[in-house]
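Taking it in order: structure first as structure tokens, then the write-up.
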Amino acid sequence: MAASISFADVSKRYPGGVAGAAAALDHASFDIAAGEFVYLTGHSGAGKSTVFRLLAAIERPTAGTVLVNQQNVGRLSPAAVPFLRRKLGLVLQDQRLLFDRTVFDNVSLPLAVAGVPPRDAAKRARAALDKVGLLGRERANPIALSGGEQQRVCIARAVVNRPVLLLADEPTANLDAEYAGVILELFRAFHDVGVTVVLATHDAALIARYPARSIALAQGRVVR
Amino acid sequence: MNAWLHAHDGAMRDALAHARRAPFATLFAVAVLALALALPLVGFVVVAGLARITAQFDTDPQMSVFLPLEATPRDRQALERSLRARPGIKRLRVVTKEQALAELQSTEGVRDLLSGLPGNPLPDTLVITPAHAAREAVHALRAELEQLPGVASVQVDTAWVERLEGILGTVRAVVLAVAAMLGVAVVAVTFNTVRLQVLTRAAELDVAALFGATRAWMRRPFLYFGAFQGIAAGLLSIALAAGFVALLARSLPGETAVAALPGRGLAMPWELALTALLAAAGLGWLGAWLSVWEHLGPGRRAHR
Ligand SMILES: Nc1ncnc2c1ncn2[C@@H]1O[C@H](COP(=O)(O)OP(=O)(O)O)[C@@H](O)[C@H]1O
Ligand SMILES: [Mg+2]
């Protein structure tokens with residue numbers, strides 16, 4: 001079970017964006033095969049997060065076609081969007097953790113919204129927390145965790161629903177090199193069982209440690 | 001099916017958890033709603049009590065057939081005979097002008113008044129209980145009797161009951177109107193409390209949407225909250241109204257008609273309590289539904 005991705009001539013301009021400013025994505029085209037492990041690289045503002053927002057139907061393309069498993073996600077009906085998102089494992093750059101809930105509640109949220117029975121959900125949430133080394137912290141509030149631990153909670157939340165497509169936006173940005181390696185190992189483990197993984201980073205050392213194909217963005221264009 | 005059950009179970013827990021997180025806001029809203037519901041409830045109980053009083057009198061209507069003042073005892077006996085021979089009359093009692101005068105004279109105060117009169121101002125009267133108590137039958141009988149020779153006039157003694165029924169109809173309409181207005185108020189109050197909840201939980205709803213929550217899933221806890229709050233307010237309003245009605249019944253003097261009410265006396269009928277409870281739940285649900293429709297409806301790009 002994996003998912004393919006195709007961007008065909010995709011442009012994205014944000015409605016709030018400065019008039020005359022460059023588009024966040026500018027006629028970007030690339031393909032990612034099912035089961036592939038791909039890095040998305042580029043400087044800050046290159047358009048990496050925009051790629052993820054389009055894939056999760058958080059934003060819609062201004063022009064062009066975004067396909068996930070041959071499905072045009074830029075034209076999904078609002079009712080279909082939740083079911084697309086349940087197939088994704090999202091690690092967002094801005095984390096979006098709920099600080100008035102426990103770590104456990106945060107991680108099991110994708111299961112709760114999908115109607116997974118609480119008993120199964122608890123088991124799977126604990127398994128996901130175990131994978132990121134936070135099994136003892138279920139009852140903690142995320143605010144009491146370090147930046148790196150919070151990042152790991154986000155990763156646990158992304159993988160808890162056994163996604164077919166793992167989209168991680170700079171997931172190792174807050175982690176020291178040792179834990180970055182551990183997290184990357186985790187993503188590679190998902191890749192090994194056939195999950196498509198797209199990982200945005202500008203950490204060249206990380207890419208050097210686990211070489212894979214890179215798609216490089218600059219000012220919204222695919223440059224390599 | 002199982003997932004559906006879990007989703008609803010989860011939504012209910014979520015709704016209750018929210019009530020626990022904001023206990024004072026919830027209690028205050030419940031108290032306001034309960035007061036709004038209790039007022040028409042008391043009104044309905046009183047209207048129902050009055051209706052039973054009039055129904056009780058209505059069961060035995062009487063009619064007074066007056067003879068002309070100059071009628072002789074022979075005239076009276078003739079009329080009595082002819083009436084006894086008619087169908088449609090259950091009972092007949094004769095009150096002669098002498099009996100009527102004697103009865104009046106035994107009443108303190110009236111005696112002096114009567115002593116100033118030259119003769120007996122009262123007519124002979126035949127007091128009739130019609131066989132059929134229905135209003136139409138009574139009025140038909142009255143029209144027939146008025147046409148009889150030797151009859152001066154016919155008075156239906158249920159006239160005051162009819163007036164009371166007329167007043168009762170007005171009171172019932174007023175209570176219904178007040179109930180409708182307060183029902184709108186219940187919807188509005190729930191709308192607002194739920195709106196505040198949606199706003200305070202906006203971040204959470206956005207994250208839920210990002211991880212695959214449907215609009216229905218996001219709306220559900222708020223709908224349950226509205227219904228639960230309505231049920232709590234309904235129960236409290238029933239207790240308040242029942243307590244008030246009990247006080248009212250006790251404060252009324254024993255010889256009033258209320259004390260003689262058949263069956264339950266002046267008390268909250270369980271049908272009314274059940275209706276109030278269902279209405280409260282429904283109105284709460286409706287208020288919440290309108291609120292989530294505005295804030296989590298298809299128009300809003302909840303986490304897009
Ligand atoms: N919501 C937004 N409104 C307006 N402009 C935005 C918005 N999000 C991103 N942008 C702009 O789009 C460009 C690409 O942003 P982003 O995709 O976040 O890049 P990256 O993730 O590579 O840093 C930037 O110039 C950024 O300022
Ligand atoms: Mg970014």
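The values are calculated or read from the model by the stated rules, or taken from the named source; none is laboratory data. A quick note: this is a predicted structure, and the numbers were derived from the prediction, not measured. Counting neighbours? That spans all protein chains shown, and the Cβs are built from the backbone with ideal geometry, glycine included.
Scanning the stretch B:87-104 for residues that are of a type in the set (D, E, K, R) and exposed (fewer than 14 other Cβ atoms within 10 Å of the Cβ), which turns out farthest from B:Gly150 (Cα to Cα)? Steps first, answer last, please.
Kept after step one, since they are of a type in the set (D, E, K, R), are these residues of the stretch B:87-104: B:90-91, B:93, B:97-98, B:103.
Okay, now just the ones that are also exposed (fewer than 14 other Cβ atoms within 10 Å of the Cβ), so B:90-91, B:93, B:98, B:103.
Values: B:Lys90: 21, B:Arg91: 20, B:Arg93: 17, B:Glu98: 19, B:Glu103: 24 Å.
That would be B:Glu103.
Of all residues in the stretch A:30-79, those being in contact with a strand residue (DSSP E or B) (Cβ under 7 Å, 6 or more places away or on another chain) and under 21 Å from A:Gly194 (Cα atoms) number 15. Considering the stretch A:110-148 alone, what residues qualify as being surrounded by fewer than 23 Cβ atoms within 10 Å (Cβ to Cβ), in a helix (DSSP H, G or I) and touching a Gly at 6+ places or on another chain (Cβ under 9 Å)? Listed by number, the residues that qualify are A:Ala112, A:Pro118. Going residue by residue through the stretch A:29-36, is there one that turns out to be touching a Gly at 6+ places or on another chain (Cβ under 9 Å), away from chain B (no Cβ under 14 Å), within 16 Å of ligand 1 (Cβ to nearest atom) and part of a strand (DSSP E or B)? Taking every residue of the stretch A:29-36 in turn, none turns out to be touching a Gly at 6+ places or on another chain (Cβ under 9 Å), away from chain B (no Cβ under 14 Å), within 16 Å of ligand 1 (Cβ to nearest atom) and part of a strand (DSSP E or B).
To keep it simple, each residue is scored yes or no on (1) within 30 Å of A:Arg13 (Cβ to Cβ); (2) of a type in the set (A, V, I, L, M).
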site	(1), (2)
A:Pro142	no, no
A:Leu145	no, yes
A:Glu149	no, no
A:Val164	yes, yes
A:Leu175	no, yes
A:Leu184	no, yes
A:Thr196	yes, no
A:Arg209	no, no
A:Val223	yes, yes
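The set of residues in the stretch A:9-28 that are modelled with pLDDT of 90 or more, small (Gly, Ala, Ser) and near ligand 1 (Cβ under 8 Å from one of its atoms) contains only A:Ala24.
When A:Asp203 is tested against (1) within 16 Å of ligand 2 (Cβ to nearest atom); (2) touching a His at 6+ places or on another chain (Cβ under 9 Å); (3) modelled with pLDDT under 90, just one condition goes unmet, and that condition is (2). Mind checking whether some residue in the stretch A:45-60 is aromatic (Phe, Trp, Tyr), outside any loop (DSSP other than H, G, I, E, B), within 13 Å of ligand 2 (Cβ to nearest atom) and in contact (Cβ under 8 Å) with a residue 40 or more places away in the chain? Looking for residues that are aromatic (Phe, Trp, Tyr), outside any loop (DSSP other than H, G, I, E, B), within 13 Å of ligand 2 (Cβ to nearest atom) and in contact (Cβ under 8 Å) with a residue 40 or more places away in the chain, one finds at least one in the stretch A:45-60, hence yes. Once the stretch A:15-44 is narrowed to residues that are loosely packed, with under 15 Cβ neighbours inside 10 Å and in contact (Cβ under 8 Å) with a residue 24 or more places away in the chain, the residue that is farthest from A:Arg221 (Cα to Cα) is A:Ala33.
Tell me yes or no: at least one residue of the stretch B:190-197 is within 14 Å of chain A (Cβ to nearest Cβ), assigned to a helix (DSSP H, G or I) and at pLDDT below 95.
Looking for residues that are within 14 Å of chain A (Cβ to nearest Cβ), assigned to a helix (DSSP H, G or I) and at pLDDT below 95, one finds at least one in the stretch B:190-197, hence yes.
Being within 16 Å of ligand 2 (Cβ to nearest atom) and not hydroxyl-bearing (Ser, Thr, Tyr): is that true of A:Asn141 here? No; evaluated as a whole, the condition is false for this residue. Can you pull out every residue in the stretch B:209-233 that is touching a residue at least 24 places away in the same chain (Cβ under 8 Å) and within 14 Å of another protein chain (Cβ to nearest Cβ)? Correct list: B:Ala209, B:Leu210, B:Arg215, B:Trp217, B:Met218, B:Arg219, B:Arg220, B:Pro221.
Using the structure shown, decide if B:Ala242 is out of contact with any Leu (no Cβ under 8 Å at 6 or more places or on another chain), in contact (Cβ under 8 Å) with a residue 12 or more places away in the chain and more than 14 Å from every other protein chain (Cβ to nearest Cβ).
Taking the combined requirement at face value, the residue satisfies it.
Determine, yes or no, whether B:Leu67 is at pLDDT 90 or above and in contact with an Asp or Glu (Cβ under 7 Å, 6 or more places away or on another chain). Taking the combined requirement at face value, the residue satisfies it. If the condition is being at the interface with chain B (Cβ under 9 Å from one of its Cβ atoms) and among the hydrophobic types (A, V, I, L, M, F, W, C), then the stretch A:60-98 contributes A:Ala79, A:Val81, A:Phe83, A:Leu84, A:Leu88, A:Leu90, A:Leu92, A:Leu97, A:Leu98. For the stretch B:172-192, state whether one or more residues are surrounded by fewer than 18 Cβ atoms within 10 Å (Cβ to Cβ), more than 24 Å from B:Thr275 (Cβ to Cβ) and assigned by TED's automatic domain parsing to the domain that holds B:Ala22. Yes - at least one qualifying residue is present in the stretch B:172-192.
Could you tell me which residue of the stretch A:61-101 is farthest from ligand 1 (Cβ to nearest atom), considering only residues that are part of a helix (DSSP H, G or I) and under 30 Å from A:Glu138 (Cβ atoms)? Let's see the steps before the verdict.
Just the residues of the stretch A:61-101 that are part of a helix (DSSP H, G or I), to begin with: A:73-75, A:81-85.
So of that shortlist, the ones also under 30 Å from A:Glu138 (Cβ atoms) come out as A:81-85.
Working: A:Val81: 18, A:Pro82: 21, A:Phe83: 24, A:Leu84: 19, A:Arg85: 19 Å.
Among residues in the stretch A:61-101 that are part of a helix (DSSP H, G or I) and under 30 Å from A:Glu138 (Cβ atoms), the one farthest from ligand 1 (Cβ to nearest atom) is A:Phe83.
Would you be able to tell me the number of residues in the stretch A:110-133 that are in contact with a Leu (Cβ under 8 Å, 6 or more places away or on another chain) and in contact (Cβ under 8 Å) with a residue 24 or more places away in the chain? Count: 5.
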